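No lab work stands behind these numbers, since they all come straight from the coordinates. Small disclaimer: the values here were computed from a predicted structure and weren't measured. Positions of Cβ are generated from backbone atoms using ideal geometry, with glycine treated the same way; all protein chains shown enter the neighbour counts.
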Amino acid sequence: MIVGLCLMAGASNVASAADAYLPIVMPITGFLSVEGGSQRNGAVMALEQAPGGMKVDFPVFDTGTSATGAATALDKALSSQKAIAAAVTVFGTEMVAMMPIAAEYKVPLLTISGLAKITESGNPYIFRFLPNDREIKVAHARYIVEVMKKKKIALISDTTAYGQGGFALLQEDFGKLGTTPVFEDNSIAPDTKDMSPLLAKVKASGADVIALHSVATPMTLITKQLKSSGLNIPIVNSSSIVEPTATALFEPAELAGVCAETPSAPEARPTPAIKAWADAYLKRFNLEPDGLALGQYDGVMMALTLMAHGVKTPEDLRAALQKETYQGVAMTYKSNGHGDLSHDADIVCWDGTSRIPKIVGHYAGEQLILK
Amino acid sequence: MTFVQLAVNGVALGAAYALVALGFVFIVNATSAVNFAHGDLVMAGGYVAVGLGSLATLPMILMLPLVAAIMFVVGIAVALVAYFPLIDRPPATVFISTLLCGIVLQNLFLVLFGPQARAAPPLIKSGTVHLGAIEISVQALGTLAVAAALIGLQYLIFARTQIGRRLRATAQDRQMAQAIGIRASAVIACTFGAGTALAGVAGALLANQFFVYPTGGIPLSVYAYMAVVVGGWGSIAGAVLGAMLISIFQVVVSAYVSYAVATGLLYFVLLLVFFFRPQGIFGELVQRRV
């Protein structure tokens, strides 16, 4: 098997010998490189395990965590050879820049970006394998209001498109659940270091819980400084904190009372299939996996499986992704007609004894829709 | 949390920024050139601290001298690569070469350590202490103490020792210093080393609470530059005061208004300094370098 994998990896560098070309275009450098690294690993793992003995050429293009870098990288990736699809960025801002290019080349993009509007703009080439933020934010809000029974909420986000999009959705969802946050701040720049001014305002507001939607770096700083500030209130984060590289920054005790929404929690190994996948990921990359890696793995593997069953062209793949149901490692994927294939979300919490979280809530289907 | 608490937080962060600015101004004084790799050298110090922390479970306070020594050598290496080959070129050339050096360092960090943030061990231990109604982390208190000790030490060296006099002479006029027998190149190399050692110590102090990651040095270079402009170009006391003022300004305005307003106002104030007091608070008369 090792020999086989090596042969496949070698084949990836020889375009003429490959059966298909599926470039990876992701933020490998820049402030979203942690998330980008996870999704790249997931995509690479799927491509290395392509079913039916397929040999796929999969060069990696770095977007640099910028919209212009993303557009340039995707254009370069798609113009050099005839791609059947591309595995692309988790970063919503970059996705917005990539969408016209996908439409121009008529190539499906396989993404895990949560930004709601990317599948709401009528572009038929966008396929998302993590829940739309519009859905997963419902799980975030419902857990705080219905399970934790909190009403005095401090709602915080960073200034990225991801942060701003999630902030607006959480505002809307809390409203539908009959509560209005007692404190709101969506002005946290990703390079902010000192969070004490923010925490001072949270304390002054009388909030009894923090709902935080942010990329990894400010989120870990807010969570860490909250724990050392003596402000003893729970915090429910978005999924970035579930990444093992983020939890590694904390002592287990510092994570007590910290929760997060996540599309899946492979590091918790909740099912035999996820355990087998997580163990293989750990062996391959010497890293604990996260939900981003698993979502991207399932997305790419769905495309590869369809290709192994006879799909030959980008247009055929687009049609098949829109129509077919696929049982992935994390969940069952089925498009809602707009390119959203993932409709499950977990809530995980840490108990202060380990960096591995426990799943405390699961939301799926209609539970992720608030009227 | 009161205004006093916020000011204490600002001073604690400002102490680390002061070390960054101090190292920055050392190099400015010795070479008349801005070192825009300085923030990345702060990150390098943070990575050294993370590495040492993984090798030995000792408090960081015991490893700081080793961090400083390693970074001293790194500083001399940076001088050999980015400064000495360009010593007779205009200051802008050195500015560009240090900028490029910083980008090389960022990518080196990425390759060696990956994109994820890392945390160094605490200076002494984790936790907070209460001083009346004021709460401050042990790490912040330790940072204040280390910064105060190093700032005092550099003052003694500059004001009271022969080495300090040679450093100041070389900073004022390299050719004249050489004419009177000072080995200016060795002095400049040592200054690069000392400035980088201070940056490394600052990185080790910041890397516990604020983490270290490949691109984390970029804003620190900007803060150091701003601190030196506000405090007075070439003034060591000014660099320390400038760093403190910037930190307190950011913390207090962020708390009472917002982060966005604090950042915008900070840069606007810098613009006003350029217009109305380009020599800064304790600035020298050589304003062209600003």
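Histogrammed with a bin width of 20 Å, the alpha carbon distances of the protein assembly as shown distribute as 19, 47, 29, 5, 0 percent, first bin at zero.
A:Thr305: net charge of surrounding residues, Cβ under 12 Å, Lys/Arg +1, Asp/Glu -1, itself excluded?
Overall, the nearby charge balance is -2.
If you average the C-alpha positions of region A:19-97 and of region B:47-99 separately, how far apart do those two centres end up, in angstrom? Rounded to whole Å, the Cα centres lie 35 Å apart.
Using the rule -39500 (n - 2.57) for each DSSP H run of four or more residues, divided by the residues of the protein assembly as shown, the 222 nm mean residue ellipticity is -18000 deg cm²/dmol. Rounded to whole Å, the principal axis extents of the Cα atoms in chain B read 58, 48, 37, largest first.
Inside 10 Å of the C-beta atoms of A:228-239, what's the mean count of C-beta atoms belonging to other chains? Please report the intermediate quantities before stating the final value.
Details: counts 9, 5, 6, 2, 0, 0, 0, 0, 0, 0, 0, 0.
Mean partner shielding for this stretch: 2.
For the peptide B:196-209, the mean number of other protein chain Cβ atoms found within 10 angstrom of a residue's Cβ is 1.
Gyration tensor over the Cα atoms of region A:265-371: the corresponding equivalent ellipsoid has semi-axes (square roots of 5 times the eigenvalues, largest first) of 28, 20, 9 Å. From a point 7 Å beyond the Cα of A:Val182 in the direction of its Cβ, which residues of region A:229-262 have a backbone N at a distance under 15 Å? Of the residues in region A:229-262, A:231-235 have backbone N under 15 Å from the label point off A:Val182.
Shown for region B:176-251 is the translational diffusion coefficient from the Stokes-Einstein equation, using the Kirkwood radius over Cα pairs, a temperature of 10 °C and a viscosity of 1.306 mPa s: 111 µm²/s. In the distance distribution for region A:88-133, Cα-Cα pairs more than 17 Å apart total 16 percent. Evaluated at q = 0.16 Å⁻¹, a Debye calculation over the C-alpha positions of region B:109-225 (equal weights, vacuum) places log10 I(q)/I(0) at -0.92. Once the C-beta distance of A:Thr353 and B:Ala145 is scaled by a Förster radius of 51 Å, the resulting FRET efficiency is 0.95 to the nearest 0.05.
Spin-label model, A:Ser79 to B:Arg183: label points 7 Å out along the Cα-to-beta-carbon direction sit 5.5 nm apart.
Taking a 20 Å limit on the Cα-Cα distance, which of the listed pairs A:Lys283/A:Lys358; A:Lys201/A:Lys224; A:Lys151/A:Lys201; A:Lys203/A:Lys224; A:Lys275/A:Lys358 fall beyond it? Beyond 20 Å between Cα atoms: A:Lys283/A:Lys358.
Charges were assigned to the Cβ only: +1 to each Lys and Arg, -1 to each Asp and Glu. The resulting dipole of chain A about its Cα centre is roughly 360 debye. Taking label positions 7 Å along the Cα-Cβ direction at both B:Gln172 and B:Arg160, the computed distance is 2.1 nm, reported to one decimal. Using a simple spin-label model with pseudo-atoms 7 Å out from Cα toward Cβ, A:Lys323 and A:Asp279 lie 3.8 nm apart. The residue among A:Ala102, A:Ala216, A:Gln49 whose Cα reaches farthest toward the positive pole of the charge dipole of chain A, with charges on the beta-carbon of Lys, Arg, Asp and Glu, is A:Ala216. Cβ-Cβ distance of B:Ala92 and B:Leu265, R₀ of 30 Å, FRET efficiency by 1/(1 + (r/R0)^6): the value works out to about 0.55. The charge dipole of chain B, taken about its Cα centre with unit charges on the Cβ of Lys, Arg, Asp and Glu (plus for the first two, minus for the last two), comes to roughly 500 debye. A Förster distance of 60 Å, applied to the separation of the beta-carbon atoms of B:Leu131 and A:Ala308, puts the FRET efficiency at 0.35.
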